[in-house]
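These notes concern the structure reproduced below.
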Amino acid sequence: MADDLILDVQDIKKAYDGLEVLKGIGFGLRKGETKVLIGPSGSGKSTLLRCINYLTVPDAGRIYLNGDEVLDTNIDAMRARMGFVFQDFNLFSHLTVLDNVRICQVKVKGTDKAVATQRAHRELERVGLSDKADAYPAELSGGQQQRVSIARALAMDPDVLLFDEPTSALDPELTGEVVRVMQQLAAEGMTMVVVTHEMSFARQAADEIIFMENGHIIEQGPPEAMFTESTHERTRAFLNVIAEHG
Amino acid sequence: MDIYDVLLRDFPFLLKGLGVAIVLLVALLMIGFVLGLGICLVQLYGPRSRLVQWPLMLYERIFRGVPIIIMLFIFFYGISGVWDISAFGAAVLAMGLRSAAYQSQIFRSAFQSVPTGQMMAARAMGMSKIKAIRHIVFPQAGRHAIGPWTNEFSSQIKETSLAYVIGVVELTRQAHYIITSTQGNVLTVFAVVALLYFILNRAGNSLLYAFERKLAVPGFEK
Ligand SMILES: Nc1ncnc2c1ncn2[C@@H]1O[C@H](COP(=O)(O)OP(=O)(O)OP(=O)(O)O)[C@@H](O)[C@H]1O
Ligand SMILES: [Mg+2]
């Protein structure tokens with residue numbers, strides 16, 4: 001294990017009733033890196049992301065976060081250090097925006113409420129939603145909800161952020177505001193793993209693109225190389241399809 | 001003395017009977033709440049082992065499947081054979097245990113109506129299962145439960161009158177005493193009693209609705 005890796009994913013395997021979804025996947029992230037995971041539907045991207053924080057428990061393989069192995073026994077503490085952004089936001093619907101961003105700081109990390117409130121306001125400002133602190137999730141647009149969920153993850157001061165298709169549930173005109181926030185985070189040196197079909201984001205913000213198919217990593221490399229000179233027929237075909245359909 | 005004078009004279013007894021009915025109601029609802037919530041939590045989040053789940057299911061089926069009047073007889077005559085239980089105690093126990101079976105169902109469907117993503121997001125943020133239930137799932141399920149719980153409240157008010165059959169001196173039995181002492185006037189006396197039950201029911205319902213409105217989350221539909 002290279003010790004300058006923030007996130008080190010080693011040889012993850014996962015099967016559902018005999019169907020092998022992940023067949024031994026490994027990759028690593030240094031501090032401040034952004035990696036974008038792409039691949040056809042059903043290739044195991046979500047499963048991989050969920051294995052990283054044990055929302056799905058892998059059958060085999062190891063995950064290290066900043067040198068600490070993720071285990072059943074320390075899972076809550078490790079999850080507190082990994083932000084997860086869901087496709088359908090999953091904001092806590094009975095809580096105001098401010099409480100959404102505040103509650104886990106207080107209940108998980110034991111942060112003092114006043115400090116947590118300050119931090120929550122800061123993260124809301126970062127995603128451009130200071131004026132929505134007192135609103136409830138159901139009063140927000142999808143794009144705003146997703147930005148709150150990013151603020152909620154950021155407020156935990158995570159070592160790494162995991163995004164599972166954060167813009168797929170959004171109308172095209174709302175995608176931009178979320179992508180801009182993610183680009184800004186990447187530029188500020190956040191460490192992120194992003195599953196997305198937003199190739200503009202991948203091109204602009206990714207240090208590396210990982211192309212997955214059938215539970216394997218087929219190819220990985222910097223965006224320019226992947227987009228222009230991929231040697232793999234499958235990668236080129238997939239990128240062409242994405243390019244055509246957006 | 002005509003019946004109105006008797007009613008006026010004996011009205012304190014009716015109020016006393018109403019008081020007993022209310023104490024019975026509160027006691028049985030509390031037992032039902034605590035036990036019902038406990039059963040629901042074990043059914044949803046407890047060990048899946050049959051050793052745990054089957055007795056709960058059996059309990060629920062039995063108490064929902066047997067008429068309350070039979071339960072009252074079993075609890076009163078059955079238990080008083082081995083242990084000195086008052087009619088009131090037997091009524092609280094039988095009706096409380098039965099309400100627990102119904103309330104566990106109310107809570108279970110309320111918990112199940114909370115989208116799974118809520119629990120997932122809470123766990124993903126590092127909350128333990130217990131914290132996630134307490135801070136995220138329960139507050140939402142609780143809101144969903146108030147409506148159906150109001151129904152349970154209403155039916156239990158009405159069922160307290162059945163405690164009459166094992167000799168609990170609640171509102172219905174007090175009414176019966178008045179009727180026996182004045183020979184007849186069934187209609188008038190029971191009309192007054194009906195009105196008392198109705199008022200209690202409406203008052204309780206209004207309170208619960210007010211509670212539901214107070215807890216309502218803006219923009220959040222069920
Ligand atoms: N809980 C589950 N139980 C059984 N099979 C599952 C489960 N979750 C995922 N799978 C299967 O695993 C495979 C990979 O699913 P996964 O969601 O990881 O793909 P994905 O790459 O994220 O796809 P998409 O782009 O559509 O989101 C699919 O065949 C899916 O049906
Ligand atoms: Mg997916």
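The values are calculated or read from the model by the stated rules, or taken from the named source; none is laboratory data. Source: prediction; values computed, not measured. Cβ: placed from backbone, ideal geometry, glycine included. Neighbour counts: every protein chain shown. Quick note on the areas: whole protein, heavy atoms, side chains included, nothing else; ligands and nucleic acids left out. Shrake-Rupley method; radii C 1.70, N 1.55, O 1.52, S 1.80 Å.
For the condition under 17 Å from the mean Cα position of the chain (by Cα), of a type in the set (Val, Ile, Thr) and assigned to a loop (DSSP other than H, G, I, E, B), residue A:175 does not qualify. With respect to being within 15 Å of ligand 1 (Cβ to nearest atom), outside any helix (DSSP H, G or I) and among the aliphatic types (A, V, I, L, M), residue A:55 fits the description. Within segment A:33-45, residues that are within 14 Å of chain B (Cβ to nearest Cβ) and under 16 Å from residue A:233 (Cβ atoms) have Cβ atoms under 8 Å from residues that are within 6 Å of ligand 1 (Cβ to nearest atom) and outside any strand (DSSP E or B) in no pair, counting only partners at least 6 apart in sequence or on another chain. In this structure, residue B:117 does not qualify as modelled with pLDDT of 95 or more and more than 14 Å from chain A (Cβ to nearest Cβ).
Considering B:143, B:173, the condition of being under 23 Å from residue B:72 (Cβ atoms) and charged (D, E, K, R) is satisfied by B:173 alone. Checked against (1) touching a helix residue (DSSP H, G or I) at 6+ places or on another chain (Cβ under 9 Å); (2) part of a helix (DSSP H, G or I); (3) within 30 Å of residue A:94 (Cβ to Cβ); (4) small (Gly, Ala, Ser), residue B:206 passes all but a single condition, namely (1).
Scanning segment B:158-203 for residues that are part of a helix (DSSP H, G or I) and among the charged types (D, E, K, R), we see that the one that is farthest from the chain's Cα centre (by Cα) is B:173. Scanning segment B:120-134 for residues that are facing chain A (nearest Cβ under 9 Å), in a helix (DSSP H, G or I) and not basic (Lys, Arg) yields B:120, B:121, B:122, B:124. Against the list (1) within 16 Å of ligand 2 (Cβ to nearest atom); (2) under 27 Å from residue B:212 (Cα atoms); (3) of a type in the set (Phe, Trp, Tyr), the condition residue A:86 fails is (2). Applying the selection to segment B:196-218, what residues are over 23 Å from residue B:91 (Cα atoms) and without any contact (Cβ under 8 Å) to a residue 40 or more places away in the chain? Of everything in segment B:196-218, those that are over 23 Å from residue B:91 (Cα atoms) and without any contact (Cβ under 8 Å) to a residue 40 or more places away in the chain turn out to be B:202, B:203, B:206, B:207, B:210, B:213, B:214, B:218.
Here are A:48, A:7, A:22: which of them is touching a residue at least 24 places away in the same chain (Cβ under 8 Å), near ligand 1 (Cβ under 9 Å from one of its atoms), more than 14 Å from chain B (Cβ to nearest Cβ) and under 14 Å from residue A:162 (Cα atoms)? Step by step, each of A:48, A:7, A:22 is checked, and only A:48 is touching a residue at least 24 places away in the same chain (Cβ under 8 Å), near ligand 1 (Cβ under 9 Å from one of its atoms), more than 14 Å from chain B (Cβ to nearest Cβ) and under 14 Å from residue A:162 (Cα atoms). Any residue at all in segment A:160-172 that's more than 16 Å from ligand 1 (Cβ to nearest atom), within 14 Å of another protein chain (Cβ to nearest Cβ) and touching a helix residue (DSSP H, G or I) at 6+ places or on another chain (Cβ under 7 Å)? Yes, because at least one residue in segment A:160-172 is more than 16 Å from ligand 1 (Cβ to nearest atom), within 14 Å of another protein chain (Cβ to nearest Cβ) and touching a helix residue (DSSP H, G or I) at 6+ places or on another chain (Cβ under 7 Å). Listed conditions (1) within 16 Å of ligand 2 (Cβ to nearest atom); (2) at the interface with chain B (Cβ under 10 Å from one of its Cβ atoms); (3) in contact with a Pro (Cβ under 6 Å, 6 or more places away or on another chain) are all met by residue A:55, apart from (3). Of everything in segment A:105-156 that is within 14 Å of chain B (Cβ to nearest Cβ), assigned to a loop (DSSP other than H, G, I, E, B) and free of Cβ contacts under 8 Å to residues at least 12 places away in the same chain, the residue that is most open to solvent (accessible area, probe 1.4 Å) is A:110.
Restricting attention to segment A:10-19 and to residues that are in a strand (DSSP E or B) and within 16 Å of ligand 1 (Cβ to nearest atom), the residue that is farthest from the chain's Cα centre (by Cα) turns out to be A:19.
Here residue A:87 fulfils each of the conditions (1) within 14 Å of ligand 1 (Cβ to nearest atom); (2) open to solvent by 60 Å² or more (accessible area, probe 1.4 Å); (3) free of Cβ contacts under 8 Å to residues at least 40 places away in the same chain; (4) within 12 Å of chain B (Cβ to nearest Cβ) apart from (3).
Scan segment B:174-192 and tell me whether some residue there is surrounded by fewer than 19 Cβ atoms within 10 Å (Cβ to Cβ), within 14 Å of another protein chain (Cβ to nearest Cβ) and not β-branched (Val, Ile, Thr). No - not one qualifying residue is present in segment B:174-192. Check segment B:146-164 and report whether any residue there is within 14 Å of chain A (Cβ to nearest Cβ) and open to solvent by less than 40 Å² (accessible area, probe 1.4 Å). Yes: one or more hits.
The listed residues are A:30, A:50, and the only one of them that is of a type in the set (Lys, Arg), farther than 15 Å from residue B:124 by Cα and open to solvent by 40 Å² or more (accessible area, probe 1.4 Å) turns out to be A:30. Of the residues making up segment A:33-42, those that are at pLDDT below 95 and either more than 10 Å from ligand 1 (Cβ to nearest atom) or of a type in the set (Gly, Ala, Ser) (or both) are A:39, A:41, A:42.
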